[in-house]
Amino acid sequence: MLKVGIDIGGTKIAGGVVDDEGRIVEQLRVETPVEIASLEDAVVDMVRHLKDSYDVTAVGVAAAGFVDRDGAVIIHAPNIAWRNEPLKAKLEDRLAMPVTIENDANAAGWAEYRFGGGAHVDDMVMLTLGTGVGGAVILNGRLYRGGHGIGAELGHMRFTRDGRPCGCGQNGCLEQYASGRALQREANEIADAGGIGEALAAVRAEKGSISGPAISRLVLADDPGALEALRRVATALGEACGGFQAVLDPSLFVIGGGVAELGDVLLEPVRLAYETSLPGYGDRPVAEFAIARLGNSAGIIGAADLAGSV
């Protein structure tokens, strides 16, 4: 059985034909149009192109934002001007086939649960460290959506009172302390302070900014400034995972996003902070930690696998 998965991002739309083993048979990518009507046209054109070559049964669309419980309406999107957008009905009318809409982090988490790092468990939390922090929760083998369909916004858990302002309108959200952008902020603060930040400051002087890949390269070279920046972000993430453990009790945390490419260099301080933040540590089972396996393809795979299931 073949389905189409579409992953709509702020800069690109990626789509592919996915089989029932989670394998992408063919994949396409285009830039994300600014206009809503043009964006819809781009998705329709991509699906039609893929349908011309494959016998597909349904379409799943992953997009950043709040999606209602029925997988039909995008209530709010941060990077695209969708407000109560009935995207499912619009696409089904034009494509004449079943369409399911899903939050992009949920889709990626579902893909990791079904075909990636979480395929051996029934209770899992995925955290994706990018510009923000995406979250997905699997409980008893089911994707948790909440009463209104917009649960598991883990990056917007209030991490600290009166903390850094967040794009969601609140202050102190986790993603301001544990994301790829947070890592860059910490690196800049360390560069400004001198001392162990010398190498980070040199990168900024040469390149004009300190990118995530540049920080990762310095981390792998054991640069003390970059390692300290990573420790701060990993500590925030681990402390939050201790809180998630108290509420959800997953058997596994899967960590994705660009920062996760550092592997155990990231996970070791995450585990330490998690253990020291865990209620009843030493007398209770603890979760495993793993790096996501599916990379940028997770949204496509998860959206396709969820198509027709909501």
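What to note about this one:
- Solvent accessible area, Å² - THR131, 1.4 Å probe, full protein context: 90
- Probe 1.4 Å, accessible area per residue of region 219-310, Å²: 42
- In the chain, the longest principal axis of the Cα atoms and the axis of helix 264-277 are about 80 degrees apart.
- Build a GNM of the chain with springs between Cα atoms under 10 Å apart, and of GLN170, GLN245, GLN184 the one that fluctuates most is GLN170.
- The magnitude of the dipole of region 1-99, with charges of +1 and -1 set on the Cβ of Lys/Arg and Asp/Glu and taken from the Cα centre, is near 180 debye.
- Calculated FRET value between ARG83 and GLU189, using beta carbons and R₀ = 30 Å, to 0.05: 0.25
- Shown here for region 17-61: trypsin sites (Lys or Arg not before Pro) in loop regions (DSSP other than H, G, I, E, B) with at most 16 other Cβ atoms within 10 Å, namely ARG23.
- Over region 59-212, accessible surface divided per residue gives 44 Å², non-protein components excluded, 1.4 Å probe.
- Taking all protein chains together and rolling a 1.4 Å probe, CYS173 ends up with roughly 0 Å² accessible.
- Size of electric dipole in the chain: Cβ of Lys, Arg +1 and of Asp, Glu -1, about Cα centre, debye, nearest 20: 400
- For the chain, the longest principal axis of the Cα atoms and the long axis of helix 104-115 meet at an angle of about 90 degrees.
- Segment LEU272-ARG284, extension gain: residue separation times 0.36 nm, minus the distance between their alpha carbons: 2.8 nm
- Listed by chain and number, the aspartates and glutamates whose alpha-carbon sits under 16 Å from that of LYS51, ignoring those within fewer than 8 places in the same chain, are ASP19, GLU26, ASP41, GLU92, ASP93.
- Approximate spin-label separation ALA205-TYR54, in nm, with each point projected 7 Å along Cα-to-Cβ: 5.1
- For trypsin sites (Lys or Arg not before Pro), the sites in region 104-186 that DSSP calls loop and that have at most 10 other Cβ atoms within 10 Å are ARG161.
- For the pair region 184-222 and region 72-128, the centres of their Cα atoms are 35 angstrom apart.
- Within the accessible area of the chain (1.4 Å probe), percent carbon and sulfur: 48
- Between ALA234, ALA182, ALA77, the Gaussian network model of the chain with springs among Cα atoms under 10 angstrom shows the greatest mean-square fluctuation at ALA77.
- Convex hull volume per residue, computed on the Cα atoms of region 84-189, equals 147 Å³.
- As a length-normalised measure over Cα pairs under 8 Å and 6 or more apart, the relative contact order of the chain settles at 22 percent.
- With both labels modelled 7 Å from their Cα along Cα-to-Cβ, the VAL247 to HIS120 distance reads 2.8 nm.
- For region 231-310, applying the loop criterion from DSSP together with a ceiling of 14 other beta carbons within 10 Å to the chymotrypsin sites (Phe, Trp or Tyr not before Pro) yields TYR281.
- Taking GLU268, GLU186, GLU21 as the candidate residues, the one with maximal mean-square fluctuation in a Gaussian network model of the chain, Cα springs under 10 Å, is GLU21.
- The long axis of helix 180-193 is offset from the longest Cα principal axis of the chain by roughly 20 degrees.
The values are calculated or read from the model by the stated rules, or taken from the named source; none is laboratory data. This structure is a prediction, so every number in the text was calculated from the model and none was measured. Please note: Cβ atoms are built from the backbone with ideal geometry, for glycine as well, and neighbour counts cover all protein chains shown. With ligands, DNA and RNA removed, areas are computed over all heavy atoms of the protein, side chains included. Shrake-Rupley method; radii C 1.70, N 1.55, O 1.52, S 1.80 Å.
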